[in-house]
Amino acid sequence: MYAVEYQKAKSVADAAAMLAKTGGRALAGGQSLVAAMKLRLAQPGTIVDLRGIAEMTGIRRDGDKLVIGAMTRHAEVASSAEVKRSIPALCALAEGIGDRQVRNMGTIGGSIANNDPAADWPAAVVGLNATVVTNKRRVAADDFFKGMYETALAADEIITEVAFPNPASRFALVGVFVAKLADDGVRAAVTGAAPSVFRSKEIESGLAKSFTADAAKAVKIGAAGLNNDLHGSAEYRAHLVSVMASRAVAACA
Ligand SMILES: Cc1cc2nc3c(=O)[nH]c(=O)nc-3n(C[C@H](O)[C@H](O)[C@H](O)COP(=O)(O)OP(=O)(O)OC[C@H]3O[C@@H](n4cnc5c(N)ncnc54)[C@H](O)[C@@H]3O)c2cc1C
């Protein structure tokens with residue numbers, strides 16, 4: 001290493017002023033920057049530590065958006081109940097980054113700002129059409145990543161948070177609740193497929209003969225009377241009734 005000035009910012013405004021004044025580099029989790037400095041690939045005269053900035057951390061819902069603060073660590077995303085509820089794929093992505101130490105130190109903002117050619121977060125940001133929010137503006141994912149280790153960020157610009165649009169409403173396209181009752185035998189209630197919840201006699205009689213996932217899957221459901229809209233055709237929903245019934249039976253087992 002070489003001599004370097006260290007400054008610790010208390011707010012985004014504070015950090016922006018320090019970066020503008022010194023021409024230094026922001027320090028987040030240090031997982032990429034410190035290694036680059038050791039190798040002399042990066043030689044900032046000053047590093048501005050973002051780790052004391054509370055307003056850059058945390059995970060919250062903002063209307064139909066899931067917003068993750070730039071200083072949120074990979075491990076926090078991986079274990080977040082809010083992320084799991086909203087976009088579970090982000091938990092899986094964060095859980096797969098590096099090793100435990102990297103996940104406990106590295107941040108989403110650092111990963112996106114770094115834009116390593118093989119980094120995970122940029123794919124999620126682009127794939128989900130997220131918005132990168134900085135202290136100066138909001139940048140659409142498609143306009144943010146420019147090339148190898150290159151982004152649309154200006155030298156003194158700081159990513160403050162990333163806003164992911166929530167996927168679909170999460171109402172079931174088709175859902176099937178299967179029960180095997182002591183007195184009433186097998187009941188299979190279907191939601192999402194028709195104007196109202198209904199019992200599928202076809203699934204019930206198939207399961208009465210053999211209460212197995214295969215038996216449910218083998219049942220052919222007619223498309224007549226089922227919803228037919230931009231989310232799915234009546235035929236597709238009919239197919240899903242057997243598939244979802246079969247999964248419900250498999251879950252019972
Ligand atoms: C052993 C190891 C394994 C890894 N494996 C993976 C992996 O499997 N998948 C993967 O995606 N990544 C992996 N990484 C990278 C890791 O995810 C880093 O955390 C990430 O690249 C950088 O995040 P950081 O918070 O440590 O940022 P830092 O290293 O502190 O900063 C990186 C760069 O971003 C800038 N910066 C940081 N925060 C901001 C901000 N808020 N605004 C503007 N600029 C900012 C810094 O100035 C610097 O240029 C690995 C790293 C290591 C060391």
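The values are calculated or read from the model by the stated rules, or taken from the named source; none is laboratory data. Since the model is a prediction, treat every value here as computed from it, not as a measurement. Cβ placement follows ideal geometry from the backbone for every residue including glycine, while neighbour counts extend to all protein chains displayed.
Quick notes
- Residues in the stretch 13-26 include at least one that is in a helix (DSSP H, G or I) and either within 30 Å of Pro167 (Cα to Cα) or among the basic types (Lys, Arg) (or both).
- Any hit, the stretch 16-37, residues being away from the ligand (no atom under 13 Å from the Cβ), more than 22 Å from Arg138 (Cα to Cα) and among the polar types (S, T, N, Q): no
- Residues being within 11 Å of the ligand (Cβ to nearest atom) and either more than 18 Å from Asn135 (Cα to Cα) or touching a Leu at 6+ places or on another chain (Cβ under 7 Å) (or both) - total across the stretch 54-76: 5
- For the stretch 38-53, the set of residues classified as farther than 14 Å from Ala113 by Cβ and either within 8 Å of the ligand (Cβ to nearest atom) or in contact with a Phe, Trp or Tyr (Cβ under 6 Å, 6 or more places away or on another chain) (or both) is empty.
- Pair list, Cβ < 8 Å and 6+ apart or interchain, from the stretch 44-64 residues that are within 18 Å of Val12 (Cα to Cα) and in contact (Cβ under 8 Å) with a residue 12 or more places away in the chain to residues that are of a type in the set (A, V, I, L, M, F, W, C) and away from the ligand (no atom under 15 Å from the Cβ): Ile59/Leu66; Ile59/Val83
- Selection within the stretch 77-113: residues that are assigned to a loop (DSSP other than H, G, I, E, B) and more than 14 Å from the ligand (Cβ to nearest atom). The member of this set that is nearest to Ala152 (Cα to Cα) is Ile87.
- Summed over the stretch 140-169, the residues that are surrounded by 18 or more Cβ atoms within 10 Å (Cβ to Cβ) and among the polar types (S, T, N, Q) give a count of 2.
- In the stretch 59-76, residue nearest to the chain's Cα centre (by Cα) [restricted to those that are closer than 17 Å to Asn166 by Cβ and part of a loop (DSSP other than H, G, I, E, B)]: Asp64
- Residues that are under 28 Å from the mean Cα position of the chain (by Cα) and of a type outside the set (Gly, Ala, Ser) do not occur anywhere in the stretch 200-210.
- Looking only at residues of the stretch 7-39 that are touching a residue at least 12 places away in the same chain (Cβ under 8 Å) and surrounded by fewer than 13 Cβ atoms within 10 Å (Cβ to Cβ), we find that the one that is farthest from Gln101 (Cα to Cα) is Gly23.
- Which listed residue, of Ala155, Ala182, is aliphatic (A, V, I, L, M), more than 18 Å from the chain's Cα centre (by Cα) and within 16 Å of Ala28 (Cα to Cα): Ala155
- Which listed residue is in a strand (DSSP E or B), of a type outside the set (A, V, I, L, M, F, W, C) and closer than 30 Å to Ala13 by Cα, from Glu157, Glu161: Glu161
- Residues that are small (Gly, Ala, Ser), touching a helix residue (DSSP H, G or I) at 6+ places or on another chain (Cβ under 7 Å) and within 14 Å of the ligand (Cβ to nearest atom) within the stretch 114-154 comprise Ala119, Ala124, Ala152, listed in sequence order.
- Checking Ser169 against (1) within 8 Å of the ligand (Cβ to nearest atom); (2) modelled with pLDDT under 95, the condition it does not meet: (1)
- Filter pass, Arg61 being at pLDDT below 95 and surrounded by 12 or more Cβ atoms within 10 Å (Cβ to Cβ): yes
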